[in-house]
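Asks: Mind looking over this structure? Questions follow.
The values are calculated or read from the model by the stated rules, or taken from the named source; none is laboratory data. These numbers come from a predicted model, not from an experiment. Because the Cβ atoms are built from the backbone with ideal geometry, glycine has one as well, and the counts that use them run over all protein chains shown. For accessibility, only protein heavy atoms count, side chains too; no ligands or nucleic acids. Shrake-Rupley method; radii C 1.70, N 1.55, O 1.52, S 1.80 Å.
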Amino acid sequence: MPATVVLGAQWGDEGKGKLVDRLAEEATLVARFQGGNNAGHTVVLGERVLKFHLLPSGITRSDCRLVLGDGMVIDPWVLDNELNGWSSETGEEVRGARLYVSERAHVILRYHRLLDGLDTKIGTTGRGIGPTYADKINRVGLRFGDLSEVLADREALEAIASRMSSSLAAAGIDERIGERDLEADLRWVLDTFGMCITNTGVMIDHALGLGERVILEGAQGCLLDIDQGTYPFVTSSVTSRGNATHGAGIHPGHVDEVIGITKAYITRVGHGAMPTELNDDVGEHLGTVGHEFGTTTGRKRRCGWFDAVVMRHAQRVNGFTSLALTKLDVLGGLDVLRICVGYRLDGQEITELPSSASALARCEPVYLDMPGFPAMSTGEWLGLATKANAEGLGLSALPSAAQAYVQRLEALLGVPVSSVGVGPDRDATIDLA
């Protein structure tokens with residue numbers, strides 16, 4: 001069975017965790033392929049709200065294996081805390097059972113977090129992601145599979161500690177990395193996760209060869225991609241389809257389904273232009289009703305109208321086979337719904353996303369207006385979704401104006417919507433296909 005890729009189609013925070021949690025019910029393996037604990041995935045199970053930063057969202061399914069793939073950068077201390085939290089809540093210890101860490105994934109250390117804390121321009125999470133990827137590209141990084149060899153090489157340890165201390169001094173940071181402290185940290189990492197470290201690419205390839213269902217779970221979103229995003233206000237990895245298989249250690253021929261996750265509006269955390277951003281009552285409505293605060297940082301998300309220019313760019317880069325539309329319920333109660341269909345830049349209308357950050361900041365949205373639909377309570381939306389799926393009602397279960405809104409998005413983007421989220425609970429999703 002081919003792999004399914006799940007990707008964020010906007011600036012992240014679209015609701016990937018909820019969808020992966022649902023899809024994982026029929027999957028045997030869920031793999032993260034890029035990023036680190038700068039991502040946040042939230043899964044709501046009734047009264048339980050589960051937040052993950054490194055662990056794949058498939059953890060809620062006890063038969064599902066969990067892979068932290070080749071293209072990731074992993075903070076072992078954050079992973080340890082996350083695993084301890086899961087064990088405390090459920091009694092399950094996934095280490096040595098169903099958690100696998102790629103030997104090719106890079107290790108985030110205190111040194112990387114110290115450097116990342118200097119950022120004031122991009123608005124990073126400060127988790128050490130960028131500096132770890134920089135070490136990777138500079139070919140001086142530490143991978144999980146290399147730890148035992150480094151620990152056995154005193155000269156290597158001395159050289160690494162010296163390089164790190166010199167870099168901190170050059171950056172104006174007073175702290176230094178001692179050789180003994182570095183050795184102790186690396187030994188702790190190996191002792192804590194040695195039973196999990198393996199060749200995960202081969203594992204995924206074997207699973208696919210056996211016809212198992214595999215999900216490749218993206219982090220962040222297309223507009224935060226280091227190459228295809230709104231540079232320089234992006235993350236440090238390739239978040240798009242092209243890296244899904246590469247970062248997992250398999251070839252692209254394994255994939256036949258790519259699901260793009262998009263909210264019914266748009267949000268962004270951090271710096272950088274967002275043409276449809278709303279600093280008014282509607283923006284306040286979206287932020288309040290949608291509970292728009294970052295899973296990882298707790299920062300308030302910037303909210304705006306749905307941007308079809310952004311989504312067309314995401315579709316060109318990723319080739320989504322379908323879209324999962326989330327948080328349609330949040331639009332309930334608004335009289336008018338606006339969709340950005342183009343930009344006005346320096347007096348001219350454009351329909352494609354500018355590559356220049358300064359040009360994007362000068363863009364003014366061109367809107368198409370549609371009628372809104374009534375607000376409903378969380379329980380009412382959940383009941384509507386439950387009834388829709390039980391009776392196979394699909395889109396017809398929604399209010400007529402909400403149906404028209406979804407259909408207009410499909411027409412503008414040329415991609416079918418396969419599911420519509422109408423609440424935070426895993427069951428508050430209407431399946432359309």
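Asks: Consider Val5 carefully, then state whether it is assigned to a strand (DSSP E or B), out of contact with any Asp or Glu (no Cβ under 8 Å at 6 or more places or on another chain) and either at pLDDT 90 or above or surrounded by fewer than 21 Cβ atoms within 10 Å (Cβ to Cβ) (or both).
Replies: no
Asks: Of these, Gly96, Gly145, which one is more than 22 Å from the chain's Cα centre (by Cα), surrounded by 15 or more Cβ atoms within 10 Å (Cβ to Cβ) and of a type in the set (Gly, Ala, Ser)?
Replies: Unique residue meeting the criteria: Gly145.
Asks: From the list Val341, Val366, Val417, Val422, which residue is surrounded by 13 or more Cβ atoms within 10 Å (Cβ to Cβ), more than 29 Å from Leu50 (Cβ to Cβ), of a type outside the set (Phe, Trp, Tyr) and touching a Ser or Thr at 6+ places or on another chain (Cβ under 8 Å)?
Replies: So the residue among Val341, Val366, Val417, Val422 that is surrounded by 13 or more Cβ atoms within 10 Å (Cβ to Cβ), more than 29 Å from Leu50 (Cβ to Cβ), of a type outside the set (Phe, Trp, Tyr) and touching a Ser or Thr at 6+ places or on another chain (Cβ under 8 Å) is Val341.
Asks: Follow-up question, since we're still on this one. Within the set of pairs 6+ apart or on separate chains, which have a first residue in the range 161-175 that is on the phi > 0 side of the Ramachandran plot, a second that is assigned to a loop (DSSP other than H, G, I, E, B) and β-branched (Val, Ile, Thr), and C-beta atoms under 9 Å apart?
Replies: none
Asks: Looking only at the range 19-51, which residues are surrounded by fewer than 24 Cβ atoms within 10 Å (Cβ to Cβ), at pLDDT below 95 and either hydroxyl-bearing (Ser, Thr, Tyr) or within 12 Å of the chain's Cα centre (by Cα) (or both)?
Replies: The answer is Gly40, Thr42.
Asks: Sticking with this one: For a quick check of your reading: which strands (runs of 3 or more DSSP E) sit entirely within the range 325-384 and have at least 1 residues that are of a type in the set (Asp, Glu) and under 28 Å from the mean Cα position of the chain (by Cα)?
Replies: Ranges flagged: 364-371.
Asks: Which members of the range 90-114 meet the condition of being in contact (Cβ under 8 Å) with a residue 40 or more places away in the chain and not hydrophobic (A, V, I, L, M, F, W, C)?
Replies: Result: Arg95, Gly96, Tyr100, Ser102, Glu103, Arg104, Arg110, Tyr111.
Asks: Kindly establish whether His285 is without any contact (Cβ under 8 Å) to a residue 24 or more places away in the chain, open to solvent by 40 Å² or more (accessible area, probe 1.4 Å), over 30 Å from Ser356 (Cβ atoms) and of a type outside the set (Gly, Ala, Ser).
Replies: no
Asks: Name the pairs whose Cβ atoms lie under 9 Å apart, with the first residue in the range 127-154 and more than 23 Å from Met195 (Cβ to Cβ) and part of a loop (DSSP other than H, G, I, E, B), the second of a type in the set (D, E, K, R) and open to solvent by 40 Å² or more (accessible area, probe 1.4 Å), and 6 or more positions between them or separate chains?
Replies: Close Cβ pairs satisfying both conditions: Arg127/Arg113; Gly128/Arg110; Gly128/Arg113; Val140/Arg163.
Asks: Taking Trp11, is it surrounded by fewer than 24 Cβ atoms within 10 Å (Cβ to Cβ), among the aromatic types (Phe, Trp, Tyr) and out of contact with any Pro (no Cβ under 8 Å at 6 or more places or on another chain)?
Replies: So Trp11 does not fit the description; no.
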